[in-house]
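One structure below.
The values are calculated or read from the model by the stated rules, or taken from the named source; none is laboratory data. These figures come from a predicted structure and were not determined experimentally. As a convention, Cβ positions derive from the backbone with ideal geometry for all residues, glycine included, and neighbour counts pool all protein chains shown. These accessible areas exclude ligands, DNA and RNA; they are computed on the full protein's heavy atoms, side chains included. Shrake-Rupley method; radii C 1.70, N 1.55, O 1.52, S 1.80 Å.
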Amino acid sequence: MNPSLGIQTGRCVNFNETVRTCEVQAWCPLEINGVNDSEPALLKAADNFTVLIKNNIRYPKFNFNKRNILPNISSTYLKTCIFNRQTDPYCPIFRLGDIVHEAGEDFQKMAVEGGVMGIQIRWDCDLDKSDSKCVPTYTFRRLDNKNPNNNVAPGYNFRFAKYYKTPDGVESRTLIKAYGIRFDVMVFGRAGKFNIIPTLINVGSGLALLGLATVLCDCIVLYCMKKRNFYREKKYKFVDDFDLVSGDQRSSFD
């Protein structure tokens, strides 16, 4: 007996004339887990539905704010535009069928078993340039598993119930297992702006590392390599100071 079907009472009751089974305290009849066979999808025309996505971003370090409804977008344009990567790449109104199609999926097939779509909004901004250059980039991808070799519990579905009482006072419920496409909106990005102080620090660190690199290479060659004696002879020139001093003294006496 599957324990998820209800609470076991510990009693063994007659299932039929020949079979006895464990009794559970649960809603009757028990839920039958099966494959969704409502094909084609019940709402076939849902791929023509549109959704308006409003997104605000803030980079507090630079005190910069912006939203995906750009300043040059008018109310008239917003009433008629639909996102298109070639003609309207900044329109915030998306057709559901286009979102699924851009991810390489079939909306009608996906609507039968369900699935999870990711709408990714990326903000990469160079704040040294004009604010108008900081614009969102939209990408779409499927998030749930679509591996044919692992098809246990495919797609996306959820259950919800409606509870009521019948005219004779019996508490009842209608359990609904719904299949559909869930859309998750994910926002990420980065911003940068030139600052002279970090630049000077990085340049100074680089120059210091160049000097340190010379010292480190000399230590390795002079003390670690097999031909360190040869390198030492080439690097340093030894002068006999005593011979030079003696020669200078003889010249002065002459």
query: Which value, to two decimals, describes the C-alpha radius of gyration of segment 140-192 once divided by 2.2 N^0.38 Å?
result: 1.97
message: With a cut-off of 8 Å between alpha carbons and a minimum separation of six or more residues, what is the relative contact order of segment 17-143 in percent?
response: 23
- line: Rounded to the nearest 10 Å², the 1.4 Å probe accessible area of Val51 is 50
field: Diffusion coefficient, µm² s⁻¹, Stokes-Einstein with Kirkwood Rh over alpha-carbon pairs of the chain at 20 °C and 1.002 mPa s
entry: 79
- request: Please get the size of the charge dipole for the chain, origin at its Cα centre, with Cβ charges of +1 on Lys and Arg and -1 on Asp and Glu, quoted in debye to the nearest 20.
  value: 380
query: What whole-number value in Å² describes the accessible area per residue of the chain for a 1.4 Å probe?
result: 76
- prompt: Non-local amide H neighbours of Gly115 (under 5 Å, H modeled in plane, Pro and chain starts lacking H): which ones?
  reply: Tyr156, Gly180, Ile181, Arg182
message: For the pairs Lys44/Lys177; Lys79/Lys146; Lys66/Lys129, flag any whose C-alpha to C-alpha distance is greater than 25 Å.
response: Lys79/Lys146
Residue order for Ile220, Ile99 - accessible surface, 1.4 angstrom probe, largest first: Ile220, Ile99
query: Which value, in Å² rounded to 10, gives the accessible area of Asp184 with a 1.4 Å probe and all protein chains present?
result: 40
message: Can you list residues from other chains, or at least 5 along the same chain, whose modelled amide H is less than 5 Å from the amide H of Ile69?
response: Asn55
statement: Once the mean of 1/r over all distinct C-alpha pairs in segment 43-137 is inverted, the Kirkwood radius in Å reads 15.1
query: Per residue, how much space in cubic angstrom lies within the convex hull of the C-alpha atoms of segment 162-214?
result: 246
statement: Rounded to the nearest 500, the 222 nm mean residue ellipticity computed for the chain from DSSP H runs (n ≥ 4, each -39500 (n - 2.57)) alone is -8500 deg cm²/dmol
field: In segment 159-215, the trypsin sites (Lys or Arg not before Pro) that fall in loop regions by DSSP, at most 15 other Cβ within 10 Å
entry: Lys193
field: Ranked order, Cys219, Cys125 - accessible area, probe 1.4 Å, largest first
entry: Cys219, Cys125
task: Give Lys54/Lys133; Lys54/Lys162; Lys54/Lys193 a once-over and call out the pairs whose C-alpha atoms are over 30 Å from each other.
output: Lys54/Lys162
Within straight-line cross-link reach of Lys235, lysines at Cα separation under 20 Å, skipping those fewer than 8 residues along the same chain: Lys226, Lys227
field: Kyte-Doolittle at least 0.5, axis length at least 24 Å by Cα - qualifying DSSP helices, the chain
entry: 196-223
